[in-house]
Amino acid sequence: MSVRILRQVGQRLLGLVFVLAAVVTSVFLMMQLVPGDPLVSETGGVTQEQLDRLRALYGLDQSVFDQFTAYVGNLFQGDLGRSFRTQEPVVDIIQQRIWSSLELAGAALLIVMFVGFPLAMFAAAATREGRHRRLEVGFLSVTSVLGATPNYLIATLLAFVFAVQFTLLPVGGSGSFEQLILPALAVAIAPTMSLARIVRLETLDVLSQDYVRTARSQRLPTHMIYLRHVFPNVLTAALTVGGLIFAEVIGGAVIVENVFARPGLGTALVDGVLSNNYPVVQGATLVLAVTVVVVNTAVDITLDVLDPRARTG
Amino acid sequence: MLELRDLSVRYGSGRRSLTAVDRVSLDIPSGATLGLVGESGSGKSTLARAIVGLLPIAGGSVRLDGADHTRQAARTAPAYRRRVQMVFQDPHSSLNPRMSVGQAMVEAVGKREGELSRAERRAEAVRALESVGLGATALERYPHEFSGGQRQRIAIARALAVRPQLIVLDEVTSALDVSVQATILNLLTDLQREFGLSYLFVSHNLSVVSLMSEAVAVMYLGRIVERGPAGDVFGRPRHPYTQALMKSLPSLSSARAHAPVVGDVPDPRNLPPGCPFHTRCPVGPLTRPDRSVCLEQDPQLVASSQPNEAACHFAAAPGGAASEAAGAHV
Amino acid sequence: MTASALRLSRTGMSAPVLRAFRRAPSGMIGAGVVAAILVVAVLGPIVFGDEAQERDLTNASQGVSREHLLGTDALGRDILARLIVATRLSIGLGLASAALAMVAGILIGVSAALFGGRARVIVLRTIDTMISFPSILVAVFFSVILGRGVTGALIGVAASTAFHIARITSTLAISASRRDYVDAARVLGVRGRPLVVRYVLRNIGEPLTVAASVVVGSSIVTISALSFLGLGPQAPQYDWGTMLTEGVKAIYRTPAAALGPAGAIAISAFAFAFVGEAVARAMNPRLWTAPSGRAARAVATAPAATLVEQAAAAGRARPDERVEVGGKDGPPALEVTDLVISFPSAQGATEVIKGVTFSVGEGEIVGIVGESGSGKTMTALAVAQLVPYPGRVSGSVRLHGRELTDLSRKELDSLLGNDLAVVFQDPMASLNPRLTIGTQLGQAVRVHKGFSRRRARDLAVRSLAEVSIPAGETQLGRYPNEFSGGMRQRAMIAMGVMKEPSLLIADEPTTALDVTIQAQIMDVLHDINARHRTSMILISHDLALVKQNCHRVLVMYAGRIVEDLEADAIRTQAVHPYTKALVGTVPEIGQSRTGPLPDIPGEIPDPADPPPGCPFHPRCPLAVDRCSVERPPLLHRGGGHRAACHVANEGVE
């Protein structure tokens, strides 16, 4: 590992800290910037005295700066506040729901990688140098249509077909594998299409590179060319959009959870917004945002390390 | 006309900086051509870009007709731009694909001194195109409709439209076929005669430079290693690098010679002390361990009885390193 | 003439853009649909407003019927009417959000290109961070702080999309600003707004237009997603998204209630996308000079078979062109007979190699010289059986007597993998940057000769030493980017020599290298030729290089060999006018300028449209009438010298 790489990794980690600070501040400001009084709608029909007491309880009567320091301090102690509605600690709410979301996102990611990648590489091999123009048109049409269809619609259609018409799979809830299939599919379709399009273009680009021509001129067997020369380079290129694909998966999960009534972070977030339960909204947003940022930084660092130029001092 | 004194151009800063041009001193005469020869990494293109104001100067000075223009603001000012123009290497990327030839020419004419009416600008655009052998029919067409040679002519016409005194020609024929090169070179010579232009002709192609230039400077790793009248530099080179170039150059009238230089150009970021060429010099410390001065001292351009100056510790004798090189080389 | 130039400069590009746009059918359809959608958006609430509000509780949640084409909702209202009325809000929000996102995104993206150094890095990093957040999360954030409703949804979706646009714009703008024409404009004195608009923005307009149309579609979709979740327009406002929410609740009984709004969303997204793509294509000046529809179609209707036959007949080798078999010392290493390579084109088929016949003897170095369009590289590719798709090759290629076109894929791989080495032009790109030199050098012998890894490594070290790369063991573990250009090319040669081929093809091996390094590479090739008696083909545009380094030279022009003679004789005994002209254009150092340089007037012919008769005759100083009618055959003039010229060959049998 060279000094240059260590310095770059250090820079990334520093950037991560900076971004996390910005995220925490933004999440904190969410409650401050809400139009009107955050407490009012939740507690309709309460007296002014009770309102003041609640305000003191949640620390909303202090100055913004004090509230901020309290918030950050609490964060470091694992305290994300309490739900306006149930007084339950937000941390507990999140802990109860996070597994369901992780399951969903994880399953969807697996589908995206293991379906999208091979599909795209195969399509690239078949359409390289202008072969099978019609197949190319078909590929692009199908991927753009499926990719543009809203995932909540796909989710609903899937539920309709498999749960109502054929009663094969359950709709709603989480915990079992069967309950994971339809939501994972619904989440995975759009990102799979995005990844497939990008990977196909990257594969075509790699196939047109001079070093592939060299391998061909050496009459190496096709499988060797693809596995050893094409795939590693495509993988790294695909990693650069890994962050975006991950964001698509997380975003999709948030919506699809609501369609399938899975008790996850997405439903917590939306329910919280609809009932003005700001601590819950803050907690869910924070966890989702931090996850995304950390994963992106990890991907960036991996790319830096894998870069062949990293090996030279 | 244009004087460069101890000019340096740097990329980056601090520890990671690269001195692409290192204390270069040159004179570009009025109405004549100075050829600038060097291989990749020699800094010649960087120097060309610095002269036309695309890069800042880190040290030394630039004087145009005696007036100082070292600050980059001075070289990006309209007054300077009207007198110094540039033609680039790649005809396929030096013209804006979204502008018609007419639009590009009218824009260039508009940068000339003085106010011209729209009609006058159009007429001047046509005139500039005609002087490079193209006609008014080119006005409405787009660059992609022309061949490489024609595009290069358009680029020359555009540089000419401003009525400059000095044109920097950066590898202008390197991307063209051999049969087209000669046409462009002839055109450039005719234009020089007709308009009294000065040229800085930058190229890695020694033969072409020898045909076009009255004076020549040879660059290696950012420095001038030899300079003087073209006939002397190419005919009786005094610096071992120039000699190696001449020997490596294939020619129709002689047989092949073994490669005179070993190794590759060192990394410009990690230059060893002393002479930049000593790592490859056929008559340097590699073959003659007694020549340790090459490892310690950076040689300066040394004048002698011959008209060409060479930056070599052992070039002082008449015939300089030439005879020694001939003897040392098997 | 000048009037039209004036018109052009005033109207910019609008006239030809419209013409090009009209030519694309998908664009016209999309434009039609978009126009229809906009009309519905504007007029919908006016015409159907009342009907959309009519409640009819007795007919609530009905399916498709004649009075209600999409059924009714929970309050008995006609869904189709509501769909039409909702168009205004959905499209309006989508367009507004997209417009906001485009303006903000382009401003941010262009600024990243205009800044340099630290500022640029900061802007780019910020963009990258912002786009790593899921759009829905950003949208929810803004919904919360701006309150649930139209404004929140609008700003939220725009904020997220803006950074995606900024990313695309910054990448495009940065690469556009690196092009020479931007520097050229700067040198002219163009600066500020004209520089940004004319030189940067206009050149990134195409992809941005496509992006804009995609953004409109995705904005419509994302805003409806927010509405679906309850974060969009609040009651009594409604858009397609809120209608979809209601429809989804009833989907099992009355699917039309959901399919209606879903269809509307999808159709609008696609229509805008088609229009965008068509506009983007129309903006490309390259399309403005393409032949109009009718002309293009007329050319293409000539039956392809006839055209191919005609072209083939014109390029056939005459019987007197057979090459004497047997090179200098015994049977030739390579014999190419009547090689023709054609590519399908609008006119049927274009021949880029029009019947080439030559041979390379054992241990002989043959040079192939030509300019662009001569076909020299394609000839090499044909010998190596690497002609790219969709090229068609005909003719015979025999390597040591074995006919390559007869072999199966497996036999070909085995023969060529062992017996032929190719060295390409750009050593920087010809080696895989992610694999070590050792791995790449060893591949061929391990596959084709079955060597073990140890044996392959030993052989690699020896080969590297042969090309003057010492300390082979350490070098094997290095990556290509650690080598300089000259070293990489030597490694490529080592890679080829390792398998002890009988033929090595070097295609412009030193064009990308400096002249001093070129000399080193030539030394290496000669060394290999002397030591292993490897036959070689050296392809180059540099006549002097070929003369000095080859035994024999083939001069190619427009897909044919025009002369074949001994390298030493080029300057003195060449007879073909093109060869002589080429010799004339090679400047000799020290040669004094006594007038204009000899050049070759005219242009290299288009392979699809060659001149009749001799391809060189329009540029030839010796051309006579016969030259424009009859193609000169490549005739033997004795001593292995062949030339294809009527005038030069007068009196030759």
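For region A:271-293, indicate whether the set of residues that are open to solvent by less than 10 Å² (accessible area, probe 1.4 Å) and of a type in the set (Asp, Glu) is non-empty.
No, the conditions are met nowhere in region A:271-293.
Show the residue pairs that are 6+ apart or on different chains and have beta-carbon atoms under 8 Å apart, the first residue being within region A:18-39 and over 22 Å from residue A:86 (Cβ atoms), the second being open to solvent by 50 Å² or more (accessible area, probe 1.4 Å).
Going by the 8 Å Cβ cut-off, the qualifying pairs are A:25/A:68; A:32/A:64; A:35/C:146.
Provide a single number: the residues in region C:537-548 that are part of a helix (DSSP H, G or I) and of a type in the set (S, T, N, Q).
Matching residues across region C:537-548 total 1.
With C:632, C:607, C:615, C:587 as the choices, which residue is assigned to a loop (DSSP other than H, G, I, E, B), surrounded by 18 or more Cβ atoms within 10 Å (Cβ to Cβ) and touching a Phe, Trp or Tyr at 6+ places or on another chain (Cβ under 8 Å)?
Going through C:632, C:607, C:615, C:587 in turn, the sole match is C:615.
Which residue out of A:247, A:268, A:238, A:253 is open to solvent by less than 20 Å² (accessible area, probe 1.4 Å), hydrophobic (A, V, I, L, M, F, W, C), at the interface with chain C (Cβ under 9 Å from one of its Cβ atoms) and in contact (Cβ under 8 Å) with a residue 60 or more places away in the chain?
A:253
What number goes with the only condition from (1) small (Gly, Ala, Ser); (2) crowded, with 21+ Cβ neighbours inside 10 Å; (3) farther than 30 Å from residue A:90 by Cβ; (4) more than 8 Å from every other protein chain (Cβ to nearest Cβ) that residue A:215 does not pass?
(4)
Anything in region C:522-536 that is away from chain B (no Cβ under 14 Å) and assigned to a helix (DSSP H, G or I)? List them, or say none.
C:528, C:531, C:532
Taking region B:2-40 as the search range and keeping residues that are in a strand (DSSP E or B) and hydroxyl-bearing (Ser, Thr, Tyr), which one is farthest from the other protein chains (Cβ to nearest Cβ)?
By that ranking, first place goes to B:25.
Quick one: which residue in A:96, A:87 is part of a helix (DSSP H, G or I) and over 29 Å from residue A:241 (Cβ atoms)?
A:96
If I filter region C:176-213 down to residues being touching a Lys or Arg at 6+ places or on another chain (Cβ under 9 Å) and in a loop (DSSP other than H, G, I, E, B), which single residue comes out as farthest from the other protein chains (Cβ to nearest Cβ)?
C:190
Return yes when residue B:258 is out of contact with any Ser or Thr (no Cβ under 9 Å at 6 or more places or on another chain), farther than 20 Å from residue B:36 by Cα, within 10 Å of chain C (Cβ to nearest Cβ) and assigned to a loop (DSSP other than H, G, I, E, B) and no when it is not.
Judged against the criteria, residue B:258 is a match.
Quick one: is residue A:6 under 24 Å from residue C:126 (Cβ atoms) and in a helix (DSSP H, G or I)?
no
Report whether or not residue B:103 is in a helix (DSSP H, G or I) and within 9 Å of another protein chain (Cβ to nearest Cβ).
yes
Hey, any hits in region C:362-369 for a residue that's open to solvent by 50 Å² or more (accessible area, probe 1.4 Å), more than 11 Å from every other protein chain (Cβ to nearest Cβ), at pLDDT 90 or above and within 26 Å of the chain's Cα centre (by Cα)?
Within region C:362-369, not a single residue is open to solvent by 50 Å² or more (accessible area, probe 1.4 Å), more than 11 Å from every other protein chain (Cβ to nearest Cβ), at pLDDT 90 or above and within 26 Å of the chain's Cα centre (by Cα).
If the requirement is being surrounded by fewer than 16 Cβ atoms within 10 Å (Cβ to Cβ) and within 23 Å of the chain's Cα centre (by Cα), which of these qualifies: A:116, A:172, A:147, A:138?
Within the list A:116, A:172, A:147, A:138, the selection yields A:172.
Filter region A:1-24 for residues that are over 25 Å from residue B:16 (Cα atoms) and open to solvent by 100 Å² or more (accessible area, probe 1.4 Å) and give the result.
If the condition is that a residue be over 25 Å from residue B:16 (Cα atoms) and open to solvent by 100 Å² or more (accessible area, probe 1.4 Å), then A:18 is the only one that fits.
Among all residue pairs at least 6 apart or on different chains, which show Cβ distances below 6 Å where the first residue, located in region B:167-186, is within 7 Å of another protein chain (Cβ to nearest Cβ) and without any contact (Cβ under 8 Å) to a residue 12 or more places away in the chain and the second is of a type outside the set (A, V, I, L, M, F, W, C) and open to solvent by 30 Å² or more (accessible area, probe 1.4 Å)?
From region B:167-186, the pairs are B:182/C:599; B:186/C:596.
Within region A:99-110, track down each residue that is under 29 Å from residue A:198 (Cβ atoms), surrounded by fewer than 19 Cβ atoms within 10 Å (Cβ to Cβ) and among the hydrophobic types (A, V, I, L, M, F, W, C).
Correct list: A:102, A:110.
All but one of (1) free of Cβ contacts under 8 Å to residues at least 60 places away in the same chain; (2) more than 8 Å from every other protein chain (Cβ to nearest Cβ); (3) open to solvent by 10 Å² or more (accessible area, probe 1.4 Å) hold for residue B:143; which doesn't?
Unmet for residue B:143, out of (1) free of Cβ contacts under 8 Å to residues at least 60 places away in the same chain; (2) more than 8 Å from every other protein chain (Cβ to nearest Cβ); (3) open to solvent by 10 Å² or more (accessible area, probe 1.4 Å): (3).
Return the residue satisfying two criteria in turn: it lies in region C:492-521 and is in a helix (DSSP H, G or I) and under 19 Å from residue B:261 (Cα atoms), and of such residues it is farthest from the other protein chains (Cβ to nearest Cβ).
This residue is C:521.
The values are calculated or read from the model by the stated rules, or taken from the named source; none is laboratory data. Source: prediction; values computed, not measured. With ideal geometry, Cβ positions are generated from the backbone for all residues, glycine too; neighbour counts draw on all protein chains shown. When the accessible area is computed, the model is the full protein with side chains, heavy atoms only, and any ligands, DNA or RNA have been set aside. Shrake-Rupley method; radii C 1.70, N 1.55, O 1.52, S 1.80 Å.
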